[in-house]
């Protein structure tokens, strides 16, 4: 039961650093016909929120904008004509289901009843806000057409998407080779499914991968860095292997990719650039991937990484940590 007419939200008027995030009071939304209102219990903070904050997100919502792409909570009000959901249902709201990205750094959110995903009791709210990474991991692993695979390479294996990739791959019986830069990150990577760790230096990475795999290489390599690392991923592939680029934090590949592939012609390699936005217009596929992620977590085949909690009012601090890579696991804002 709502006892106030206002709620706290985190908003930016102009793009910039963490300092542009402000806590504001907004009216508590009222669900329109066909909509439901969700009272937030946990809000995920992650990379896309940073892109919204600094104004570089390709799917930027209009300003003033509210960041936030994952919110888990309880339905506390429904609009006229709602039949699929009811008050008291535990749900996840993903901004991938909304007309505009963001919008989840709030105490209450109203969305169409078609948007939320029902959460089983076995999934805690804190864990639910990591489900988007598992949805993404499932899509990444399917990007080779679900061809048979034995091993994958996951550089930066302590990151959010990387740990989800490692866990899903391990659940499928795949060998996961990863890199991590510090002892703490290495332990975290192993905790989340990485079976073998190698040095991240691109110059020696392919040789280490080949040594671990008896000269065969990995079936898929997932790169979010670019630069020299993408070329190292190519050189680490097994015959008919695929390198998947899902970000280029260090810029484009350092060499001509087609030339590198021709040099490795006997391996018949493939390259794919990947974005989850590829399924924006395919609701059945997109929602199916999330439902699959929910099932995997509910069954205990994957688990959410440990969480670091901050109050919603400390969103600036959360973004400072995101900017510096100062956390392991999921950052969860508590409304």
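Here, each number is a calculation from the coordinates, and none is a lab measurement. All values derive from a computational prediction rather than experimental measurement. Virtual Cβ from ideal backbone geometry, glycine too; neighbours counted across all protein chains shown.
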> Each label point is 7 Å from the Cα along the Cα-to-Cβ direction; what then is the distance between the points at residue 284 and residue 203, in nm?
Replying inline: 5.2
> For residue 22 and residue 317 in the same chain, what is the full-extension length gain: residue separation times 0.36 nm, less their Cα-Cα distance, in nm?
Replying inline: 105.0 nm
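Quickly estimate the mean residue ellipticity at 222 nm for the chain, helices only: each DSSP H run with n ≥ 4 gives -39500 (n - 2.57), and the total goes over all residues, rounded to 500. Present the calculation step by step, with values, prior to reporting the outcome.
Values: 10 runs with 94 residues, N = 335.
So the calculated ellipticity at 222 nm is -8000 deg cm²/dmol.
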>> Just want to confirm a number: the relative contact order over the chain, from Cα pairs under 8 angstrom separated by 6+ residues, in percent.
In response: 17
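So for segment 83-141, averaging the separation of alpha carbon pairs under 8 Å that are six or more residues apart and normalising by length, what relative contact order in percent results? Please report the intermediate quantities before stating the final value.
Values: 33 pairs, mean separation 23.0, N = 59.
It comes to 39 percent, rounded to a whole number.
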> Once the Cα atoms of helix 283-298 and of the chain are each reduced to a long axis, what angle between those two axes, in degrees from 0 to 90 to the nearest 10, is obtained?
Replying inline: 90
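Taking 25 Å as R0, compute the FRET efficiency from the Cβ-Cβ separation of residue 150 and residue 121 and round it to 0.05. Walk me through the numbers on the way to the answer.
On the way: r = 36 Å, r/R0 = 1.45.
Given R0 = 25 Å and the Cβ-Cβ separation, E is 0.10.
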>> Between helix 131-141 and the chain, what is the angle of the helix's C-alpha long axis to the longest principal axis, kept within 0 to 90° and rounded to the nearest 10?
In response: 30
> If the chain between residue 265 and residue 32 were fully stretched, how many nm would it gain, using 0.36 nm times the residue separation less the Cα-Cα distance?
Replying inline: 78.1 nm
> What is the distance, in nm, between label points placed 7 Å from the Cα along the Cα-to-Cβ direction at residue 4 and at residue 211?
Replying inline: 5.9
> Roughly what angle does helix 160-171 make with the longest principal axis of the chain, taking Cα atoms, 0 to 90 degrees, to the nearest 10?
Replying inline: 70
> Who wins for biggest fluctuation among 146, 69, 54 in a Gaussian network model of the chain, springs between alpha carbons below 10 Å?
Replying inline: 146
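Taking every DSSP beta bridge that has both residues in segment 216-335, what percent is antiparallel when rounded to the nearest 5?
So the antiparallel bridges in segment 216-335 amount to around 0 percent.
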> For 254, 281, what ranking results if the residue with the fewest other Cβ atoms within 10 Å of its Cβ goes first?
Replying inline: 281, 254
> Of 100, 165, 269, which has the largest mean-square fluctuation in a 10 Å C-alpha GNM of the chain?
Replying inline: 100
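Once a ≥ b ≥ c are taken as the square roots of the eigenvalues of the Cα gyration tensor of segment 133-277, is the result rounded (a/c under 1.5), prolate (a/b larger than b/c) or oblate (a/b not larger than b/c)?
On the way: a/c = 1.31, a/b = 1.24, b/c = 1.06.
Because its axes are fairly even, with a/c under 1.5, segment 133-277 counts as rounded.
Can you put 125, 134 in order, fewest other beta carbons within 10 Å first?
Working: 125 20, 134 26.
Going from sparsest to densest Cβ surroundings: 125, 134.
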>> Relative contact order for segment 133-277: what percent, with Cα pairs under 8 Å and sequence separation of 6 or more?
In response: 19
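Order of 220-228, 283-291, 299-307 by packing, highest average Cβ count within 10 Å first?
Details: 220-228: 22.7, 283-291: 15.6, 299-307: 17.1.
By packing density, highest mean first, the sequence is 220-228, 299-307, 283-291.
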